[in-house]
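To keep things clear, I will list the structure first and then write my remarks on it.
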Amino acid sequence: MARVQVNLKLETSLVREIEKLVERGVFSSKTEAFSEALRLLIRSYKARELIERIDRIREGTEEMPSVTKAVIEAHEEED
């Protein structure tokens with residue numbers, strides 16, 4: 001995968017925390033730590049978008065019977 005250099009200005013305290021993680025061996029480099037942080041951030045936003053989408057789909061169906069309950073009742077009727 002191609003890499004692109006990005007120059008950022010970050011709070012000193014944030015960089016120090018990342019450096020501590022690198023020193024402890026949690027990450028092999030600051031680049032690895034920041035890359036993982038960005039992946040987690042993106043994953044979090046995508047998850048939030050998915051939850052919002054599911055909530056919009058479910059909106060207005062609160063009064064409808066549960067599909068699980070309907071399947072169980074159908075199986076009970078067969079017995």
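The values are calculated or read from the model by the stated rules, or taken from the named source; none is laboratory data. Quick caveat, the model's predicted, so the values are computed rather than measured. Every residue, glycine as well, gets a Cβ built from its backbone with ideal geometry; the counts of neighbours run over all protein chains shown. We work out accessible area using only protein heavy atoms, side chains counted, and drop any ligands, DNA or RNA first. Shrake-Rupley method; radii C 1.70, N 1.55, O 1.52, S 1.80 Å.
Of the residues making up the range 20-39, those that are farther than 20 Å from residue 7 by Cα and either in contact (Cβ under 8 Å) with a residue 12 or more places away in the chain or assigned to a helix (DSSP H, G or I) (or both) are 20, 21, 23.
Among the residues making up the range 1-19, those that are open to solvent by 80 Å² or more (accessible area, probe 1.4 Å) and in a loop (DSSP other than H, G, I, E, B) are 1, 2, 3, 4, 5, 6, 7, 8, 9, 11. Of the residues making up the range 40-79, those that are open to solvent by 60 Å² or more (accessible area, probe 1.4 Å) and outside any loop (DSSP other than H, G, I, E, B) number 27.
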